[in-house]
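*Asks:* Handing you this structure, nothing more for now.
The values are calculated or read from the model by the stated rules, or taken from the named source; none is laboratory data. Because the structure is a prediction, the values reported are computed rather than measured. Quick reminder, even Gly has a Cβ in these numbers, built from the backbone with ideal geometry, and neighbours come from all protein chains shown.
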Amino acid sequence: MAKYLLVMRGTDESNAAMMANIDEMMATSRQFIEDLLKAGVYVAAEGLDDPQQGVVVDFGGETPVVTDGPYGETKELFGGFFLIDVASKEEAVEWAKRVPAAPGAKVEVRRVPGSDEVPQ
């Protein structure tokens, strides 16, 4: 088994579409989590707050610079994630295809290396 992070990425348009149907999206998300639980692959899931409420810490200079909100040129923003524990990348992709998402959104599938794979 390996852990995979399914990262929800949205655009301004897909985020607006999701918010317009938030009750339906939340019900669909709850059902998806229930399906993950029944399959025994659920580890965690969280949504993120509005990007305008966050800050960016930029390490491009001598000292870190903190600015409000996401970078202006950002075309896609992370909106949340599902962490699953599955047998293969292919299985993670199959779950990613079932993630409730608004048109235009994307789900990035990334393997989480085990502690034995990270240099000590």
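*Asks:* Is there a residue in segment 65-79 that is charged (D, E, K, R) and within 16 Å of residue 7 (Cβ to Cβ)? If you could, list the steps in order and put the result at the bottom.
*Replies:* So in segment 65-79, the residues charged (D, E, K, R) come out as 68, 73, 75-76.
Applying the additional criterion that residues be within 16 Å of residue 7 (Cβ to Cβ) yields 75-76.
Checked against the condition, which is being charged (D, E, K, R) and within 16 Å of residue 7 (Cβ to Cβ), segment 65-79 yields at least one hit.
*Asks:* So for segment 79-97 (the condition being touching a residue at least 12 places away in the same chain (Cβ under 8 Å), in a loop (DSSP other than H, G, I, E, B) and surrounded by 16 or more Cβ atoms within 10 Å (Cβ to Cβ)), does at least one residue qualify?
*Replies:* Within segment 79-97, not a single residue is touching a residue at least 12 places away in the same chain (Cβ under 8 Å), in a loop (DSSP other than H, G, I, E, B) and surrounded by 16 or more Cβ atoms within 10 Å (Cβ to Cβ).
*Asks:* While we're here: Name the single residue, out of those in segment 1-45 being within 13 Å of residue 99 (Cα to Cα) and either of a type in the set (D, E, K, R) or loosely packed, with under 13 Cβ neighbours inside 10 Å (or both), that is modelled with the lowest pLDDT.
*Replies:* 9
*Asks:* Does residue 65 satisfy the criteria of being surrounded by 11 or more Cβ atoms within 10 Å (Cβ to Cβ), touching a residue at least 24 places away in the same chain (Cβ under 8 Å) and either closer than 22 Å to residue 96 by Cβ or of a type in the set (A, V, I, L, M, F, W, C) (or both)?
*Replies:* Values: surrounded by 11 or more Cβ atoms within 10 Å (Cβ to Cβ): yes; touching a residue at least 24 places away in the same chain (Cβ under 8 Å): no; either closer than 22 Å to residue 96 by Cβ or of a type in the set (A, V, I, L, M, F, W, C) (or both): yes.
Against the criterion (surrounded by 11 or more Cβ atoms within 10 Å (Cβ to Cβ), touching a residue at least 24 places away in the same chain (Cβ under 8 Å) and either closer than 22 Å to residue 96 by Cβ or of a type in the set (A, V, I, L, M, F, W, C) (or both)), residue 65 does not qualify.
*Asks:* Then there's this: Return the residues of segment 85-119 that are over 28 Å from residue 52 (Cα atoms), modelled with pLDDT of 95 or more and β-branched (Val, Ile, Thr); say none if nothing qualifies.
*Replies:* 86, 93
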